[in-house]
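Heads up: the structure comes next, in structure tokens.
Just so it is clear, none of the values below were taken in a lab; they were calculated from the coordinates. Values in this document were obtained by computation on a predicted structure and should not be read as measured data. When we count neighbours, we look across all protein chains shown, and the Cβ atoms used for this are built from the backbone with ideal geometry, even at glycine.
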Amino acid sequence: MVKRIIAKQENCMGCGLCEVYCTVQHSKSKDIVKAYNSERPRPISRVRVERNNPVSFAIQCRHCEDAPCVTACLSGAMRKDPKTSQVTHDPQKCMGCWTCVMVCPYGALIMDKEGHVVAKCDLCQGFDEPACVANCPNEALVFKEAKH
Amino acid sequence: MAKYVILGASAAGIGAVEAIREADPVGTLTVITDEACSHYSRPMISDFVSGKADLKKVDCRNEDFWKENNVEAILGKKATAINFDEKIVQLEGGEKIPYEKLLIATGGKPFVPKMEGSDKDGVFTFTTLKDAQILATKISSINAKSAVVIGAGLIGISVTEALVKRGLKVTMVELQDKILSLLLDPKGSDIVEMVVRKAGVNIITGQSVQKIIGKPDNDSAVGGVILTKGDQVPCDIVVVAIGVVPRVELVAGTAVKTNRGIVVDSMMQTSVPDVYASGDVAEAYDFVLNQNRLLPLWPLAVLEGQVAGCNMAGKKSTYAGGTNMSSLKYFGIPVVSVGLANPKDDPTLEVLVKSDPERNVYKKLVLKNNVIIGMTLVNSVERAGILFYLMKNAVNVKKLKQQLLEDDFGWAALPVTLQKKMRVVQ
């Protein structure tokens, strides 16, 4: 089964650290000051904290089994990896048409308006745990095998 | 004998191949297309003309897609007839391909109205990669400086942007009073029109081209157009981008029932057993209008192809339906339009609007019985998919009306039961 990021709403404080660590993780420099102050193109967080006081939770790509973004993608940039079942996105192939943004029920595809391509959660390939999960101060995000 | 035969190798054909191979990795599968180039992205041909995408980028699957999927691909060859009794597809040159299950995914062809001078050198359509290649080559070879694009819909605006990026002075001619009239209401259209004009495009609405004229020194080459009211617009190139009509020639006069396109059921089956149709050639279900109709859109064609492919391979699948839905990126102003964009006065409909002219933002929802049946988003399309989800699943939004069009609207505003159902939270 695929490992997924699960949001525990009752644990979320809405601090937004997941967004910060995601941004740094997806920066070239991997340096928080450079990532926020000087790096161009601007690194983008692929996780977003939704707030509706007092409720908050983080939301990112669910790697849907039947992913509407993959079917709708006009350019073939969005794929379902047959081995890992993850939804992958190739920015080189992306034409920035935002069709995936139109159909993603989670609103989890981020528009990189500078780069004219979509940015999305890649579960921090190559790391044991995604940065948002590893750095959540209150275990409001867990990474575990789950159906979706 | 091929177990599966697919006519057409674009969106619907690709979707069907992938679905068939998921259900049946070994059954023989033949794909036939009259195009030399296949599995490329038709929506991307404007990026090809503008120079933003090369042939490699335009390919929307892996280079060896046919091989990967164990497909015998017959490229650059036209199917000329189908014998539904003997279950045989005939190709030009006489070759016969028998089938057990057949998918007709022949797509659409550009509609070119009768116009004097439409046979002149320099008149193009804009549907296939070949069209785009011929157009791009022509622009370079005659060093074209100006163009007239007939039609200001999805295709018209895409080719206009490409031509502007190539440095041409473009005039768009649209018969309707507004551009993108199938996707936007007049207010939304005005915002996009202003942005397109700022990019240097001349827009003429409420008129069409009555005649294409030649150059003074060469009458066989495009030199300009004469509009219905008599005005003349000089140009080196004319692109006809009015729309597509289904390529139904192969089934004309056969037992396959057609209306404007091929009539299909929810499994994408035609009226003839073992024969399916998908994509621009078929009339599939529209969940907003609650009827079958032509909807020549890439994502829907892929979906319909997937449904047909599953059923052909014996894995039952039904099509949940699509609707008029497009996301546009042209001229730097993103637009998303789904379902009813511009309903006529109807007391049973409720319209929610939010506009911010300074930011060129215009958002509109059309509701019926507290369910969204239309959404138009101009220059603010982030998380449009959440609204699309509410629309597609007919979620009652009675208590959400104040929030739906707010910039920060999202899952946090939705009921906990729905959040849990969609596993947004644990």
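Rank B:G223, B:G214, B:G314 by mean-square fluctuation in a GNM of chain B with C-alpha springs under 10 angstrom and give only the top-ranked residue.
B:G314
Restricting things to Cα coordinates, could you compute the convex hull volume per residue of chain B in Å³? Kindly include the intermediate steps, with their values, before the conclusion.
Details: hull volume 69.8 nm³, N = 426.
It comes to 164 Å³ per residue, whole-number rounded.
Rounded to a whole number of µm²/s, how large is the Stokes-Einstein D of segment A:1-123 at 25 °C and 0.890 mPa s, given Rh as the Kirkwood radius over C-alpha pairs? Numbers along the way, then the final one.
Numbers: Rh = 15.3 Å.
Diffusion coefficient, whole number: 161 µm²/s.
Quick one: go through segment A:82-102 and flag any residue whose amide nitrogen is under 16 Å from the point 7 Å out along the Cα-to-Cβ line of B:E63.
Of the residues in segment A:82-102, A:93 have backbone N under 16 Å from the label point off B:E63.
Can you pull the Kirkwood radius for segment A:65-120, inverse mean 1/r over Cα pairs, to one decimal in Å? Let's see the in-between values first.
Values: mean 1/r = 0.0897 Å⁻¹.
So the Kirkwood estimate lands at 11.2 Å.
What are the extents of the Cα atoms of segment B:196-269 along their three principal axes, in Å, largest first?
Result, largest extent first: 52, 33, 21 Å.
For chain A, with a Gaussian network of springs between Cα atoms less than 10 Å apart, report the residue from A:Q86, A:Q60, A:Q125 with the top mean-square fluctuation.
Highest fluctuation among the options: A:Q125.
For B:K344, which aspartates and glutamates qualify as cross-link partners when the Cα separation must be under 19 Å and same-chain residues fewer than eight apart are set aside?
B:D177, B:D185, B:D190, B:D286
What area, in nm² and to one decimal, does the C-alpha convex hull of segment A:12-62 cast on average over all directions? Each step should come with its number before you reach the end.
On the way: hull surface 15.6 nm².
Answer in nm², one decimal: 3.9.
If the chain between B:Q402 and B:T137 were fully stretched, how many nm would it gain, using 0.36 nm times the residue separation less the Cα-Cα distance? Show your work: numbers first, answer last.
Details: separation 265, 0.36 × 265 = 95.40 nm, distance 5.19 nm.
Extra length from B:Q402 to B:T137 when fully extended: 90.2 nm.
On full extension of the chain, what length is gained from B:N218 through B:E86, given 0.36 nm per residue of separation minus the C-alpha to C-alpha distance?
Numbers: separation 132, 0.36 × 132 = 47.52 nm, distance 5.23 nm.
Length gained between B:N218 and B:E86: 42.3 nm.
Over chain A, with a Gaussian network built from C-alpha contacts below 10 Å, which listed residue (A:G107, A:G115, A:G126) shows the highest mean-square fluctuation?
Result for chain A, Cα springs under 10 Å: A:G126 fluctuates most.
Applying the Karplus parametrisation 6.51 cos²θ - 1.76 cosθ + 1.60 with θ = phi - 60° to the phi angles of segment A:82-99, what ³J(HN,Hα) value in whole Hz is obtained for each residue in order, glycine and proline being reported as x?
Residue by residue, segment A:82-99 yields x, 7, 9, 6, 7, 8, 10, 10, 9, x, 5, 8, 4, 9, x, 8, 6, 5 Hz.
Evaluated at 10 °C with a viscosity of 1.306 mPa s, what Stokes-Einstein diffusion coefficient in µm²/s does segment B:242-299 have when Rh comes from the Kirkwood expression over alpha-carbon pairs?
In µm²/s, the coefficient is 137.
Amide H of B:S118 versus every other amide H placed in the peptide plane: which residues, excluding those fewer than 5 positions away on the same chain, fall under 5 Å?
Amide H neighbours of B:S118, under 5 Å, 5+ apart: B:I212.
Could you give the size of the charge dipole of segment A:65-120 about its Cα centre, using +1 on the Cβ of each K and R and -1 on the Cβ of each D and E, expressed in debye and rounded to the nearest 20?
Working: 6 positive and 6 negative charges, 17 e Å.
So the dipole magnitude of segment A:65-120 works out to roughly 80 debye.
Need one number for segment B:284-323: average projected area of the convex hull over its C-alpha atoms, nm². The partial results should precede the final answer.
Details: hull surface 10.4 nm².
One quarter of the hull surface, i.e. the mean projection, equals 2.6 nm².
Considering only DSSP states other than H, G, I, E and B, which GluC sites (Glu not before Pro) in segment B:69-152 qualify as loop sites with at most 10 other Cβ atoms within 10 Å?
Working: sites: B:E72, B:E86, B:E92, B:E95, B:E100, B:E116; in loops: B:E86, B:E92, B:E95.
Those that pass, being in a loop and sparsely packed, are B:E86.
Once you average over the residues of B:381-394, how many Cβ atoms of partner chains fall within 10 Å of each Cβ?
Details: counts 4, 8, 13, 8, 15, 6, 3, 7, 6, 1, 0, 3, 1, 0.
For this peptide, the per-residue mean of nearby foreign Cβ atoms is 5.
Cα centroids of segment B:181-228 and segment B:327-391: how far apart, whole angstrom?
26
Compute and list, largest first, the equivalent-ellipsoid semi-axes of segment B:320-421 from the alpha carbon gyration tensor, each √(5λ) rounded to a whole angstrom. Walk me through the numbers on the way to the answer.
Details: eigenvalues 84, 55, 40 Å².
Listed largest to smallest, the semi-axes of segment B:320-421 are 20, 17, 14 Å.
Can you divide the C-alpha Rg of the protein assembly as shown by 2.2 N^0.38 Å and report the result to two decimal places? Intermediate results must be reported in sequence, preceding the final value.
On the way: Rg = 24.5 Å, N = 574, 2.2 N^0.38 = 24.6 Å.
The value comes to 1.00.
HN-Hα J couplings of segment B:288-296 from phi, Karplus 6.51/-1.76/1.60, θ = phi - 60°, integer Hz, Gly and Pro as x?
Result, ordered by residue: 7, 7, 6, 7, 7, 6, 6, 9, x Hz.
B:K109's amide H: which non-local residues (gap 5+, or another chain) put their own amide H closer than 5 Å, with H modeled 1.01 Å from N in plane and none for Pro or chain starts?
Hits under the 5 Å cutoff: B:V245, B:R247.
Through the Karplus equation 6.51 cos²θ - 1.76 cosθ + 1.60, θ set to phi - 60°, convert the phi angles of segment B:15-27 into ³J(HN,Hα) values in whole Hz; use x for Gly and Pro.
Whole-Hz 3J(HN,Hα) from phi for segment B:15-27: x, 5, 4, 5, 5, 4, 5, 6, 8, 9, x, 10, x.
Taking a 28 Å limit on the Cα-Cα distance, which of the listed pairs A:K120/B:K368; A:K93/B:K130; B:K178/B:K211; B:K77/B:K109; B:K56/B:K211 fall beyond it? Walk me through the numbers on the way to the answer.
On the way: A:K120/B:K368 33 Å; A:K93/B:K130 20 Å; B:K178/B:K211 22 Å; B:K77/B:K109 16 Å; B:K56/B:K211 38 Å.
Table pairs above 28 Å Cα-Cα are A:K120/B:K368; B:K56/B:K211.
Starting from the Cα-Cα distance between B:F287 and B:K198, subtract it from 0.36 nm times their residue separation and give me the gain in nm to one decimal. Please list the in-between numbers first.
Working: separation 89, 0.36 × 89 = 32.04 nm, distance 3.66 nm.
Extending this stretch completely gives an extra 28.4 nm.
Order by neighbour count: B:D47, B:D280, A:D122, fewest other Cβ atoms within 10 Å first, most last. Walk me through the intermediate numbers first.
Details: B:D47 24, B:D280 28, A:D122 18.
The fewest-first ordering by Cβ neighbours comes to A:D122, B:D47, B:D280.
I want to check the label-to-label distance for B:V416 and B:E72. Put each point 7 Å from Cα in the C-beta direction and report it in nm to one decimal.
According to this spin-label approximation, the distance is 6.1 nm.
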